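Working notes for the structure below.
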């Protein structure tokens with residue numbers, strides 16, 4: 001009779017070669033092709049530590065961004081345009097004073113010893129008549145009561161009318177001619193002026209500061225220009241109060257009027273490398289309802 005322990009040992013010895021495995025230490029056999037599952041970690045009571053969060057990046061709005069309607073959105077401030085130092089008339093320097101120089105006396109001849117000196121000859125003073133000064137006619141009278149002509153006597157063009165300086169040095173004289181003294185000097189090309197009178201080839205002009213005088217017609221040109229009035233004004237990208245600002249123009253900035261429709265509030269202008277729109281009442285150099293093409 002076979003004992004139970006012997007029977008169990010025989011059974012295990014026969015089963016082990018069939019599976020191709022040896023009995024593990026824990027005495028538990030696994031089917032072929034299956035590996036034991038790793039032991040599960042014992043859950044802890046502490047919650048998991050969250051991952052660190054990075055800094056949040058602030059995104060700035062686009063520079064001078066424009067909406068579909070051309071309105072302004074916050075962005076980089078527009079540049080500020082300063083006027084040149086020579087945007088106004090400069091007082092002409094006084095002419096140098098002419099001083100008379102005394103003519104040196106002729107040397108006397110030497111006197112021989114023992115000779116009696118001759119009596120001095122009588123000097124006959126000859127009066128030389130002074131050269132009469134060239135008579136300068138007074139300039140044409142211009143008073144507030146004198147009505148301004150509507151047509152120029154030389155060009156037959158309407159008066160008053162707008163013009164601009166052709167060169168960087170223009171003499172403003174007290175009368176229509178070179179014999180009249182220069183009272184002011186302009187050193188700013190394209191400065192706008194208004195022609196009020198004509199006398200032959202001379203023009204009586206007035207500038208933005210109210211300074212009046214006569215200049216030669218060759219120093220003027222018909223190109224339309226403007227000067228910014230008494231305070232800062234914003235040059236805008238389109239003709240609207242909330243349009244994108246292009247630049248801030250300081251008083252005295254000079255530029256060119258490109259176009260302005262009759263009766264319209266906004267004018268297309270440019271100054272330096274900047275172009276945009278200004279209101280008609282913000283600049284000096286254009287009439288209230290005038291059209292500039």
- Message: Can you report the number of residues in segment 233-259 which are more than 12 Å from the chain's Cα centre (by Cα) and outside any strand (DSSP E or B)?
- Response: 7
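Of all residues being touching a residue at least 60 places away in the same chain (Cβ under 8 Å) and surrounded by fewer than 20 Cβ atoms within 10 Å (Cβ to Cβ) in segment 169-183, which is farthest from the chain's Cα centre (by Cα)? Just the residue, please. Break it down into steps so the answer makes sense when it comes.
First pass over segment 169-183, keeping only residues touching a residue at least 60 places away in the same chain (Cβ under 8 Å): 171-172, 181-183.
From the residues that got through so far, the ones that are surrounded by fewer than 20 Cβ atoms within 10 Å (Cβ to Cβ) too are 171, 181-183.
Numbers: 171: 27, 181: 35, 182: 31, 183: 30 Å.
Filtering first and then ranking leaves 181.
When you check residue 189 against the structure, is it within 23 Å of the chain's Cα centre (by Cα) and either at positive phi or surrounded by fewer than 17 Cβ atoms within 10 Å (Cβ to Cβ) (or both), yes or no?
Working: within 23 Å of the chain's Cα centre (by Cα): yes; either at positive phi or surrounded by fewer than 17 Cβ atoms within 10 Å (Cβ to Cβ) (or both): yes.
The answer is yes for residue 189.
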- Message: Quick check on this structure: which one of 203, 197 is in contact with a helix residue (DSSP H, G or I) (Cβ under 7 Å, 6 or more places away or on another chain) and assigned by TED's automatic domain parsing to the domain that holds residue 166?
- Response: 203
- Query: If you scan segment 204-228, which residues turn out to be over 23 Å from residue 181 (Cβ atoms) and part of a strand (DSSP E or B)?
  - Reply: 221, 225, 226, 227, 228
- Item | Qualifying positions in segment 151-167 - in contact with a strand residue (DSSP E or B) (Cβ under 8 Å, 6 or more places away or on another chain) and more than 18 Å from residue 292 (Cβ to Cβ) | 151, 152, 153, 154, 155, 166
- Item | Test: residue 276 is at pLDDT below 95 and either under 22 Å from residue 84 (Cα atoms) or surrounded by fewer than 19 Cβ atoms within 10 Å (Cβ to Cβ) (or both) | no
- Item | So residue 288, is it touching a helix residue (DSSP H, G or I) at 6+ places or on another chain (Cβ under 9 Å) and surrounded by fewer than 14 Cβ atoms within 10 Å (Cβ to Cβ) | yes
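The values are calculated or read from the model by the stated rules, or taken from the named source; none is laboratory data. All values reported here derive from a predicted model rather than from experimental measurement. Glycine also receives a Cβ, built like all others from the backbone with ideal geometry; neighbour counts cover every protein chain displayed.
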